[in-house]
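Taken together, the values in this text are just the output of simple stated rules run on the coordinates, not laboratory data. Nothing here was measured: the structure is a model prediction, and the numbers come from that model. No Cβ is skipped: glycine too gets one built from the backbone with ideal geometry, and neighbour counts run over all protein chains shown.
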Amino acid sequence: MLRLARWTISTLIVIGLSNIACAPARAADPEIDNLLRSPVGKDWVTNGGNLTNNRYSTLKQIDTTNVGKLKGAWMTRLKGSGVGGKYSFEASPLVKDGTMYVVTGNDDVFALNAKTGEIIWEYWSGIDQTISTVCCGWANRGLAMGEGQIYLGQLDANVVALNMKTGKVVWKTPIEKWQNGYGITSAPLYYDGVIYSGITGGEFGVRGRLTALNAKTGEIMWRWFTLPGPGEKGSETWPPGTDHSMRGGAAIWNTPAVDPELGLVYFAVGNCGPDYDGSMREGDNLFCTSIVALKAKTGEYAWHFQQVHHDLWDYDAASPVVLFDTMINGEPRKGIAEAGRTGWVYILDRTNGKPLIGIEEKPVPQEPRQKTAATQPIPVGDAIVPQCAEKIPGYDEAGCIYTPFWESPVLIQPSGIGGTNWSPMPYSPDTGYFYVPGTVRTSAFTRFSTQYSNGVRYTGGGQSAPIGSTMSGTFTAIDAKTNKIAWQHKTPYRVGGGGGSTVTAGGLVLRGEPDGNFLALDAKTGQELFRFQTGFGADAPPVVYEVDGEEFIAIATGGNQMQGSAYGDAVWTFSLKGQLGPLWAPPAPQTVAGPTGPIAAGANAIKIGANNTEYSFSPARTRIKSGTTVSFTNVGDLPHDASALQQNSWSTGAMAKGETKTVKFDKPGIYYYICTPHPWMYGQVIVE
Ligand SMILES: [Cu+2]
C-alpha cells in the first residue's frame, strides 16, 4: 500500500512537471486562443463558434420577446461566386472586430464590413473547374482565423492562408493531389499555432487523414491516417495480407473540436470505401465511421469509438463533433456528441470515448457475401428520422437500418444521404438540448463489383431514391441527458445535407430552410417566432455577432446542391434596427424523387450537365417512337453516365466531358435512368 501511494504521488509530480514543461512559453495568437476557449460573444472566430463546435452564442439582445421585429440589416451579393447548380453555400461567416469573412462553394473568400455589408477585399481561388473528384457538390464548409490570417481548405486539396487585412495569399500547401481523389470541403480549425484540416475522397479510394500544419509557415507538422498501415493499431480489423485499407476512404468531412484541458483534438470520420461493397474488406474496418481523439500537439492516438462496424450503407460520421459539459447522476461529466447518418446522436465521455448515456452492441441481420458485422452499436434514446423503409411498387425488398443487400436493390431508411449528414448540430447549455437536422429519404441500395483505379470513383454499388418516393426532413431537439426527443418538427424539405442552425442565450434557435425562409424558433419549445423570405436557398448555418453594441444574425444564402435548393451568392444579416423586407420566394426544392417537368416530344439528343446544372439530364423526359436511337452527350465538367434503373439493363458507360454515346430503344415502355455516380440525377424515356 505504502509503495503504491508513493508511486502515485511521484507520478502526479511527474505529470505536473511535464505539463509545465510542455506548456508553450507564449501562444502564437493569445487573443484568438482565448476567444476559442471562451463562450462565444461579440465575435464568431471559428466555424463552430469556438473549440467546442457548440454554435451557442451568449448574445441576448435579440430574444424570444423581440425576435418578431427583426428585419434585414443588409444583404450583399458576392459577385456571382459559386452561383450555379453544382455549388452549395454551406459556410458560416466568421466575424472579428466588425469585419466578416465568408467563403463560397467555389472556394472564393470575401471580407465584408459586418455592419454595412460593403465588400473590403476578395480572394478568387481560380480553382480548376475540371476537378473530377468532387463527390457531393462544390462546397466549402467554412474558414478559420488566427495570427492575422484567414485559413481555408480548397477542393483542389490545398490549404491556403490569406492575409486578414488584404486577402493576399501568405502560403498555400497542397496536402494531396486532387488527381489522386483527394479534396477539402471541411472548415479548418486554428488553435495554438496549428491548423487542423480534414480531407475528402471517401468515394474515390483515398486514404483519409487529419493533417496538422504550422499556421505561420504552412509546413505540414504531422498526419494521422484514418486507415491503419500494416501492423498499426486497427490493422487487425482489415483482412490480413491485403492492402484494402490503403484505399478504404475514411474521409474527414468536417471541423475538429479541441479540449485544451485534456489536450485532445476530436473529429468524425466518414464511410469506408468501396462504400457499398464489403465483400473484400472483412472486419470492422477501423477507423471508418468513427469518432477519434488524438493528442492535439503530436497527433498520437488517444481513443476511438466506431459508430458503424464494417459500413456498407455510406453511413458517414460527417457532422462536426460537439463538446459539452453536463451533470449525470449528480456528477459533472465531459461529453462529446455527433449526429450520424444513421439518425442517432452518439453521446460519449470525451475523456475516454466510452458511452455516456448508453450504447449497446446488438445483433443485426447478416449477409455472408458482404461479410457483415455480427453486431452494431445501438444508442439508447430516440432516432431523429425513420429507420425502416416503406414498400414501394417495383421493389421486392424493403428493410430497416442495417439490413444488408447484395446485387438486387433493397429499400432502406435512413438512406446513406439521410439522417444528419454534413449539417452541424448546436448544443445549448441553457436547454441542455442538441438541435439536430435530418433528411428523410429512402434509397434502393445495390452492390456491384468494381476495380480500384487511382483517382477514379470507387463505390462498389449505389443508392438511389426510387422515382416517385418522397423526400423530406426533421428538425429535432434531443435532450443531451437522455438522448430522447424533447420536441420535433417535420420539415417539408431535406435539411440534413449541409443546412444547420445556431442557438443563443436569447433562447432562440436560428436556422434557414431550403425554400429560402430564415426562421427563429423558441429553443425550449420549438415554437416558431419569426419567418423571413431571403429569396435564395437558405441552407447554411447562421452566426450571431455584435458590432458597436448592435447584435446581428448572419446567414449565407446560396443554396445547396444536395438539398436541391435554389442557388445564389448572397449573405443576409438581420438586426432589430434593420430596414430591409423579404424577397420573392425562389423555386422550391423537390419533395418527390424523380424526373419532373415537361415531356419533350421526339427529342432524341439528351445533354448531361447542360445549362450550368452539372447534375442534370436535359430534356429530363422525352417521348420517342420505338426503334429510335437516343444520343447522350456529356457537356458538363464531370464524368457522367446514363444507366437504366433496372439491373443488368442498358448503360452508356462513363462519358468524359464532351463525349457522346448512343442507346437504341426498340421496345415500347417507360424507361427510368440515372447517372451511376450521381444517382440523384434522373431521366425518363417513354418509348411508344
Ligand atoms: Cu453524373
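Data overview
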{"read-out": "Computed lengthening from S649 to S235, 0.36 nm per intervening residue step minus Cα-Cα distance", "value": "145.2 nm"}
{"read-out": "Under Karplus coefficients 6.51, -1.76 and 1.60, residue-wise ³J(HN,Hα) of segment 401-407 in Hz, glycine/proline x", "value": "3, 6, 5, x, 8, 10, 9"}
{"read-out": "Residues E528, E331, E176 arranged by fewest to most Cβ contacts within 10 Å", "value": "E331, E528, E176"}
{"read-out": "Whole-Hz couplings from phi, Karplus 6.51/-1.76/1.60, listed for segment 665-675; x for Gly and Pro", "value": "10, 10, 10, x, x, 10, 10, 9, 9, 9, 9"}
{"read-out": "Stretch gain in nm, segment S626-W584, where the contour uses 0.36 nm per residue and the Cα spacing is subtracted", "value": "10.7 nm"}
{"read-out": "Sparse-neighbourhood loop sites, trypsin sites (Lys or Arg not before Pro) in segment 183-288 - DSSP loop, at most 15 other Cβ within 10 angstrom", "value": "K233"}
{"read-out": "Near-label residues of segment 372-395 by backbone N, under 20 Å of a point 7 Å along Cα→Cβ of V592", "value": "390-395"}
{"read-out": "Loop chymotrypsin sites (Phe, Trp or Tyr not before Pro), segment 519-613, which have at most 13 other Cβ atoms in a 10 Å radius of their Cβ (DSSP)", "value": "W584"}
{"read-out": "Gyration tensor (alpha-carbon) shape descriptor, segment 14-142, a/c threshold 1.5", "value": "oblate"}
{"read-out": "Sum of side-chain charges, P30 neighbourhood, beta-carbon under 14 Å (Lys, Arg +1; Asp, Glu -1)", "value": "-3"}
{"read-out": "Set of segment 311-343 residues, backbone N closer than 19 Å to the point 7 Å along the Cα-Cβ line of T375", "value": "311-312"}
{"read-out": "In Hz, Karplus ³J(HN,Hα) per residue of segment 563-570 (6.51, -1.76, 1.60; θ = phi - 60°; x = Gly, Pro)", "value": "9, x, 8, 5, 7, x, 8, 9"}
{"read-out": "Taking K664, K96 and counting other C-beta atoms within 10 Å, the order from fewest to most", "value": "K664, K96"}
{"read-out": "Amide H contacts under 5 Å for R350, placed H, 5+ residues apart", "value": "K334, G335, I336"}
{"read-out": "Estimated [θ] at 222 nm from DSSP helical runs (n ≥ 4, -39500 (n - 2.57)) normalised by residues in the chain, nearest 500", "value": "-1500 deg cm²/dmol"}
